[in-house]
Amino acid sequence: MNQIKKEHWEQVYNSHNPDQVSWTQPIPQTSLDFIHSFHLPKTSKIIDIGGGDSRLVDCLLKEGFKNITVLDISAAALKKAQKRLGPDSKLVKWVVADVNDFKPAEKYDLWHDRATFHFLTAKNEVSSYLGVAGKAVKKYLVIGTFSENGPEKCSGLPVKQYTEEQLQNQLTEDFVKIRCINEDHITPLKLNRIFFFVVSKRNNRQPKQLKFI
C-alpha cells in the first residue's frame, strides 16, 4: 500500500465532514440509475471502489441488496460510513486497501467506481487497476471519472481528466462499452464538477481457436 497516499486520505477524512468535501452526494442518482438498468438480483455481488463515506451503500441496502462490499484506502472513511449505518453496517463487507493491492477472493457482478480511477495518473497504475478489475468482474464495470472539463486537482491531489474516447481506449479486451454519459455534479460548496461515466459489460467471447492444416 502507498503509505503517503493512505496518510493523505486518513487526514482528509479525519479532518472534514461530508459537507466539506466536493464528492459528497446525498443521493448518488446517476450510479443508481445505472445499477437499476442492469436488473440485477438482490443477491448480486456488488463492490464500490473508493466508496469511503459514500451513501451508495445506504441506498443499495434500502433497496434490499444483500452482498455489498465497500473498499477504500482510508480506514477513517469506512468507519464514518459504518457509524452512519449503525447495525446495518454488519450487512456490508468493509475492505481497507489500495485498489491496486487488492486481491479479491470472489468475483463481482458489478464493479462501481466514482472515486478512484481519476487519481491514477501513471500508466502503470491504470494498467494495474484494470488488471485487478479484469480478474474480479463477472458482469458489469461502471467507472465515473473527471471529464476533460473537470478540475485538474481534487482534495489537493492531481487527477487525470478523460474524454469519451480516452476513457474507452483504457478499457482492455475484457470489457465492451455499453454507454457513456456526462454528469454535472454540484458540490456542497455549490461548485460544478463535471464527471464522465463509462458503463461496460464483461466480454465473455472465447478466443479464436487455431486451425492446423
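Brief remarks follow.
- Degrees, to the nearest 10: 3-15 long Cα axis against longest axis of the chain: 40 degrees
- Whole-Hz Karplus values for the range 40-48 come out as 6, x, 5, 8, 4, 8, 10, 10, 9 Hz, taken residue by residue from phi with 6.51 cos²θ - 1.76 cosθ + 1.60 and θ = phi - 60°; glycine and proline positions read x.
- Remark on the range 75-151: Rg and Dmax equal 14.2, 41 Å (Cα only).
- DSSP beta bridges confined to the chain are antiparallel in about 50 percent of cases.
- Dimensionless Rg/Rh of the range 10-125 - Kirkwood Rh, Rg from C-alpha atoms: 0.94
- Karplus-derived 3J(HN,Hα) values for the range 83-99, using 6.51 cos²θ - 1.76 cosθ + 1.60 with θ = phi - 60°, are 5, 5, 6, x, x, 5, 4, 6, 7, 10, 8, 10, 10, 8, 6, 6, 4 Hz; glycine and proline are entered as x.
- For the chain, the Kirkwood hydrodynamic radius from C-alpha pairs, put into Stokes-Einstein at 25 °C and a viscosity of 0.890 mPa s, yields a diffusion coefficient of 138 µm² per second.
The numbers here are math on the coordinates, done by the rules we state, and not lab data. Fair warning: this is a prediction, and the values are worked out from it, not measured in the lab.
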